[in-house]
Amino acid sequence: MVQWTLPTPNSFKLYIDGSSLGNVVYGGLIQDLLGQWILGYSSSCGIATCLLVELMAIYLGLKLAWNKGF
């Protein structure tokens with residue numbers, strides 16, 4: 001089992017998840033150094049594979065982090 005750890009100073013953690021069963025949805029959240037919620041997001045897309053859904057969640061999370069100046 002992986003132990004959860006806080007982000008290092010001047011960094012953040014991006015958590016993502018996606019599902020292609022039934023409705024294709026994905027989302028994630030960004031936490032700060034103290035493990036506090038900074039922002040969350042979710043979206044949906046048409047028909048997609050599991051890999052594509054996870055990659056979309058990563059892409060959107062990194063895009064939001066970049067736009068927020070992280």
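The values are calculated or read from the model by the stated rules, or taken from the named source; none is laboratory data. The structure displayed is predicted, hence computed values, not measured ones. Areas reflect the complete protein model, heavy atoms only, side chains present, ligands, DNA and RNA absent. Shrake-Rupley method; radii C 1.70, N 1.55, O 1.52, S 1.80 Å.
Here are the numbers:
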read-out	value
Probe 1.4 Å, protein heavy atoms only - accessible area per residue of the chain in square angstrom	73
Accessible-area composition of the chain, carbon plus sulfur, in percent [1.4 Å probe]	64
Degrees separating the helix 50-67 axis from the principal Cα axis of the chain, which is the longest one	40
MRE, 222 nm, helices only [DSSP H, n ≥ 4, -39500 (n - 2.57), over the chain, to nearest 500]	-8500 deg cm²/dmol
